[in-house]
1. In nm, give the distance between the simple-model label positions of Asp387 and Asn43, each being 7 Å from the Cα along the Cα-to-Cβ direction.
2. Restricting attention to region 353-433, which GluC sites (Glu not before Pro) occupy a DSSP loop and are surrounded by at most 13 other Cβ atoms within 10 Å?
3. What do you get for trypsin sites (Lys or Arg not before Pro) in region 340-431 restricted to DSSP loop and a cutoff of at most 14 other Cβ within 10 Å of the site's Cβ?
4. Kirkwood hydrodynamic radius for region 269-335: how many Å is it when counted over pairs of different Cα atoms?
5. With charges set only on the Cβ (+1 for Lys and Arg, -1 for Asp and Glu), what does the dipole of the chain come to about its Cα centre, in debye to the nearest 20?
6. Of all DSSP beta bridges in the chain, what percent run antiparallel (nearest 5)?
7. How large is the helix-only mean residue ellipticity at 222 nm for the chain, computed as the sum of -39500 (n - 2.57) over DSSP H runs with n ≥ 4, divided by its residue count, in deg cm²/dmol to the nearest 500?
8. In nm, what is the difference between 0.36 nm times the number of residues separating Asp139 and Leu446 and their Cα-Cα distance?
Amino acid sequence: MESKIIQLISLSLQVDKSMINLETGPENFPAWDSIAMLDIITNFENEFDLTLDLEDILSIEKVEDLLHLVTKNTKSSDLELDLGLSGLIKPATIIRGTNSFGELANHIEGETVVILGSKTYSSGFRNKIEDLFKYKIHDILFLNKPSGEPTELHIDELTSKIESTPRNIVGIGGGSVIDTCKLVRTKLNHPKVPLKNWIPRFSLPKEAGEIKLISIPTTHGSGAETSSAAVFNTKKSGKKVILSHDFVSNIVVYDSLFTVGLPKSIAIDTTIDSITHAIEGYISKINMDKTDKHVFESLKTIIRVLDSDIEIKKSESQQELLFASFLSGIVQNHCSVGLTHSISHQLSRYGIPHGRLNAIFLVDVLKYNYSREKSKLDILAENLGYDNGSLLIQWLEEIIRVYEIGSISDYIDNFSSIKFEELIKDIKSDITYTTTPFDISDDELLKILNT
Ligand SMILES: [Fe+2]
């Protein structure tokens with residue numbers, strides 16, 4: 001996309017494309033005068049089959065703004081052509097763009113259950129949905145998910161409040177809210193079967209498709225809406241996963257109106273989760289060329305946003321990160337992830353957020369992988385504009401430093417005295433360890449855990 005826009009600008013300005021970058025604009029490039037601007041807008045609209053309104057046109061101050069306009073205006077069918085999504089498991093309908101969620105009213109009818117996170121955080125979301133469906137849907141039930149990752153008890157409690165089978169379940173929240181929706185639908189379809197019976201991989205029968213799953217993510221990175229996995233906690237054996245491709249949402253809304261006010265720590269944690277999905281997916285044992293462009297596009301977007309808006313406060317930044325999260329979520333769902341996630345899953349028992357755990361361990365895991373084999377990370381880095389994998393890792397180290405992520409001992413008291421033997425065994429039994437690119441000795445893993 002970026003190279004296509006640069007090519008288009010270079011043709012309009014009649015200069016070599018090497019002279020154009022994302023910062024180029026009328027202020028710093030004399031040839032980009034008002035006549036050239038008209039030419040650029042006409043060519044841009046023709047190329048991307050868009051009609052810009054006055055507000056869009058006035059927002060163009062540099063090449064990067066044109067990139068935002070494509071992201072804002074591109075429909076999901078165009079995404080398929082541009083990003084090669086056909087043939088991949090993905091939501092049937094993607095609605096995206098700031099203030100785009102109103103389009104959901106065109107895709108939804110009948111009884112609807114809306115599941116939200118905690119009451120205080122999500123009351124604003126509830127109002128938005130009530131306004132949207134005021135004239136369209138009369139039978140709407142709002143439920144708040146109990147805090148933390150879903151348990152069978154939580155799912156039973158929520159399901160018992162639903163009197164008749166709805167046509168839609170809408171999840172508005174982070175990964176655990178969206179997973180709760182998947183599990184509530186499973187329970188509604190199979191009320192007498194305990195969730196643990198569906199743990200054998202892909203054992204859940206194909207859903208009849210009568211209850212649509214609709215997700216409105218409120219963070220930049222869980223990837224739950226594009227994931228075939230639903231995670232829940234069991235008292236006896238900790239975190240468990242049910243796998244079904246029917247868990248990929250039927251409709252997803254990526255709208256930064258739902259990420260406004262996201263606390264900075266959650267914004268950065270979930271963004272680093274998204275980075276980890278893309279990188280660990282790219283270097284995983286599941287080698288899938290078809291998702292490479294999604295890895296590159298996702299990471300380029302995240303790097304550009306974090307380098308220009310360190311606070312992640314602008315709604316354009318959040319909109320771009322939502323889209324990057326969609327792409328890295330697709331990667332995760334097809335290629336799985338690796339050791340960073342294996343560690344993160346097993347240390348979640350200490351109540352530390354998933355993305356924060358990834359942030360703590362990603363750099364050291366990548367350094368280990370790089371010490372075993374350089375070429376794959378080097379290729380990834382080159383595609384992102386770095387000379388080698390080492391420089392990409394350095395960029396990540398800087399991000400971890402800037403956001404003051406710290407080390408695991410900052411989050412768990414007396415971490416060095418825990419039972420590492422057991423923890424290492426659990427990490428190596430985690431489902432994601434099967435796709436990490438290189439096995440690791442217990443001693444090397446211990447070093448990473450204690451860094
Ligand atoms: Fe993750």
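Where a number appears in this text, it was derived from the coordinates with a stated rule and is not lab data. The structure presented is a predicted model; accordingly, all values stated were derived computationally and were not measured. Cβ sites come from the backbone with ideal geometry, for glycine too, and all protein chains shown count toward neighbours.
1. 3.3 nm
2. When the GluC sites (Glu not before Pro) of region 353-433 are filtered for loop state and at most 13 Cβ neighbours within 10 Å, Glu373, Glu404 remain.
3. Details: sites: Arg349, Arg356, Lys367, Arg372, Lys374, Lys376, Arg401, Lys419, Lys425, Lys428; in loops: Lys374, Lys419.
Filter output for region 340-431: Lys374, Lys419.
4. Values: mean 1/r = 0.0856 Å⁻¹.
It works out to 11.7 Å.
5. Details: 46 positive and 64 negative charges, 439 e Å.
The calculation lands at about 2120 debye.
6. Numbers: 6 of 29 bridges.
Antiparallel bridges: around 20 percent, rounded to the nearest 5.
7. -15000 deg cm²/dmol
8. On the way: separation 307, 0.36 × 307 = 110.52 nm, distance 5.38 nm.
The span from Asp139 to Leu446 would gain 105.1 nm if fully extended.
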